[in-house]
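Take a look at the structure set out below.
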């Protein structure tokens with residue numbers, strides 16, 4: 001009983017209890033709100049993409065420009081992959097990968113960024129072509 005009274009007088013015990021209760025409340029609030037935010041963001045980005053497609057789907061020059069743009073991003077991605085492959089073979093960059101996987105991933109992050117950009121452009125182009133063929 002004395003131990004309980006001592007804990008009630010100790011401010012660090014109160015801080016610890018309140019901190020974990022507040023953390024649990026914040027996590028439960030995020031679990032409830034995060035799916036709604038993701039759904040809203042997804043719908044807005046999809047609507048924005050479809051609006052852009054609607055504006056350019058009748059213009060054949062713009063469609064050809066989008067095709068060339070997507071192919072250019074693919075070429076940049078391929079050349080960057082080859083560049084990093086050469087760096088791994090010729091330079092001591094492979095030692096960084098052997099010592100720390102995290103450092104290796106950080107050093108090769110430009111490849112991942114360019115790949116994500118290219119994949120986004122590729123999906124946009126496929127959607128554009130799908131809607132452009134519905135008109136013709």
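Structural remarks
- The stretch 1-100 holds helices (runs of 4 or more DSSP H) entirely within its bounds, and those carrying 2 or more residues that are without any contact (Cβ under 8 Å) to a residue 40 or more places away in the chain and within 23 Å of residue 115 (Cα to Cα) map to 11-56, 60-90, 93-99.
- For residue 7, the conditions (1) surrounded by 11 or more Cβ atoms within 10 Å (Cβ to Cβ); (2) modelled with pLDDT of 90 or more all hold with the exception of (2).
- Restricting the stretch 101-126 to residues that are over 17 Å from the mean Cα position of the chain (by Cα) and without any contact (Cβ under 8 Å) to a residue 40 or more places away in the chain, the residue that is surrounded by the most Cβ atoms within 10 Å (Cβ to Cβ) is 104.
- Subset of the stretch 127-136 (residues that are without any contact (Cβ under 8 Å) to a residue 40 or more places away in the chain and part of a helix (DSSP H, G or I)): 130, 133, 134
The values are calculated or read from the model by the stated rules, or taken from the named source; none is laboratory data. Quantities reported herein were computed from a predicted structural model and do not represent experimental measurements. We place every Cβ from the backbone using ideal geometry, glycine too, and count neighbours over all the protein chains shown.
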